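S.K.: The structure follows.
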Amino acid sequence: MHVNRVSGYCHALALAHGLTADFAEQIQQASPMHDVGKIGIPDMILLKPGKLNDDEFEIMKTHTTIGAKILKGSKFDLMKMAYDIALGHHEKWDGSGYPSGLSGEDIPISARIVAIVDVYDALLSKRPYKDKWPVKKIINIINEQSGTHFDPSLVETFNRIVPKFLEISEKYEG
Ligand SMILES: [Fe+2]
């Protein structure tokens, strides 16, 4: 269900942002691979209830570069996009993200889209250590972090299609 939601949000956000239907279809297929590098992270870190300490977080960060290593080298556009997303989905618009500290449009647009979608879905999901957040609060957080964490123009597009996001989360609940 998480995979369906992430795919659906990415597809909707890409189309609403004026990207091509081909691009939207590609991000729909590539986005579920964004955390593939987590197969290289020990379970005691992945499954830890609650906050990671500094050392654990440093290890967790490597899921981006591990994912990129798994996906790199393909001649297929879909896999190239999957590579960009795996490597870049924790970069931040202001350059404070990881693993490379890229900023602004140096971060591939596919990864900028997944950055918003990943946070939206994580906050909307119930986890062992937290309840799901009210949608209003999530929308506020995303807007507060427009221009710092997130691409401001994508946040504007997100704001326009919140009802579509809600539709997708209801369709693929759980
Ligand atoms: Fe991730």
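Just so you know, all these numbers are worked out from the coordinates, no wet-lab data involved. These numbers come from a predicted model, not from an experiment. As a convention, Cβ positions derive from the backbone with ideal geometry for all residues, glycine included, and neighbour counts pool all protein chains shown.
S.K.: Considering amide H positions built from the backbone, and no H for Pro or chain starts, which residues 5 or more places from S146, or on another chain, come under 5 Å of its amide H?
M.R.: Counting only residues 5 or more places away or on other chains, the set is empty.
S.K.: If we count other beta carbons within 10 Å of each Cβ, what is the order of I107, I139, fewest first? Display every interim value, and only then the final one.
M.R.: Details: I107 23, I139 18.
Listing I107, I139 from fewest to most nearby Cβ atoms yields I139, I107.
S.K.: Where does each of F23, F57 land when they are ranked from fewest to most other beta-carbon atoms within 10 angstrom? Please report the intermediate quantities before stating the final value.
M.R.: Numbers: F23 19, F57 12.
Ascending Cβ contact count within 10 Å gives the list F57, F23.
S.K.: So for I39, I109, fewest C-beta neighbours within 10 Å to most, what's the order? Spell out each step's value before the answer.
M.R.: Details: I39 11, I109 19.
The most exposed by this proxy come first: I39, I109.
S.K.: Moving on. For K75, give me every one of the lysines with a C-alpha distance below 25 angstrom, ignoring sequence neighbours fewer than eight places off in its own chain.
M.R.: Answer for K75, where 25 Å is the Cα cut-off: K38, listed by chain and number.
S.K.: Oh, and also: Any aspartates and glutamates with Cα under 17 Å of the K171 Cα? List them, leaving off those in the same chain fewer than 8 positions away.
M.R.: D121
S.K.: Now, a different point. Distance between Cα centroids, the stretch 22-59 to the stretch 67-127: provide it in whole Å.
M.R.: Their Cα centres are 11 Å away from one another.
S.K.: Additional query: Under a Cβ-Cβ cut-off of 14 Å, what is the net charge of the residues other than Q26 that fall near it, where Lys and Arg count +1 and Asp and Glu count -1?
M.R.: Working: positive: K80; negative: D22, E25, D77, D84.
Within the 14 Å Cβ shell, the charges total -3.
S.K.: Below 15 angstrom from the Cβ of I70, what's the summed charge of the other residues (Lys, Arg +1; Asp, Glu -1)? Walk me through the intermediate numbers first.
M.R.: Details: positive: K38, K69, K72, K80; negative: D35, D84.
In short, +2.
S.K.: Kindly provide the helix-only [θ] at 222 nm of the chain, computed as the sum of -39,500 (n - 2.57) over DSSP H runs of four or more divided by all residues, to the nearest 500 deg cm²/dmol?
M.R.: -17500 deg cm²/dmol
S.K.: Still on this model: What relative contact order, as a whole-number percentage, does the stretch 1-139 give when Cα pairs under 8 Å and 6 or more residues apart are counted? Please list the in-between numbers first.
M.R.: Numbers: 194 pairs, mean separation 29.5, N = 139.
Averaging sequence separation for qualifying contacts and normalising by length gives 21 percent for the stretch 1-139.
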